[in-house]
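Bear in mind that the values in this text are calculations on the coordinates, not laboratory data. Quantities reported herein were computed from a predicted structural model and do not represent experimental measurements. Don't worry about glycine lacking a Cβ; one is built from the backbone with ideal geometry, like all the others, and counts go over all protein chains shown.
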């Protein structure tokens, strides 16, 4: 049994604690924040809360992994930065794949969070730091690139490419063979029927993307 440090103290971190505790062989030994003393509102229910600096002094990469439990803020950039910090000091990042998900590929990267009732077909590639909330369908030969976040009941058809750091909202759909540009945002219920450039935004009432400027730093 390996130790697990969870970076975060929000609702996603609470869920990660539940899933890793109840559906894996990991032992959660604490949660991590950049500077926990700077936030007096941190819930004490998480037990041991360490600063990142203290955590890496106390726990060795030889017996401890990290999981970065952060959402899609700033087009997933916050989670990406924390993931890179962890990797830069030599730790592996654990992935959670629900025992109630149907996963027919072995190509799943680090720090993936794949919840219950996902259907992931053969030959799919899921790269590092990807979140698949519950109940999605990922079609055969599709690629979900780094740092993407898919909310619930998203349908990715076959042979699609989802750009890095993209966000796909609840009940959105991507047609066969579509390439979604990096940092794209697909609103809840929207349908993407053709390739689009990076930083594209789809709203539920349209199938054509429009390009807008967004702060992703």
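Okay, here's what the table says:
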read-out	value
Extension gain, residue 57 back to residue 170 (0.36 nm per residue minus Cα-Cα distance, nm)	36.7 nm
Order of 67, 123 - criterion: other Cβ atoms within 10 Å of each residue's Cβ, fewest first	123, 67
Förster-model FRET efficiency, 41 Å R0, residue 159 and residue 45, C-beta, rounded to 0.05	0.40
Computed [θ] at 222 nm, deg cm²/dmol, the chain (DSSP H ≥ 4; -39,500 (n - 2.57); rounded to nearest 500)	-5000 deg cm²/dmol
Ordering of 107-115, 164-172 by packing [mean C-beta count within 10 Å, highest first]	164-172, 107-115
Relative exposure of 32, 201, judged by other C-beta atoms within 10 Å (fewest first)	201, 32
Residue order, fewest to most surrounding Cβ atoms within 10 angstrom, among 29, 160, 196	29, 196, 160
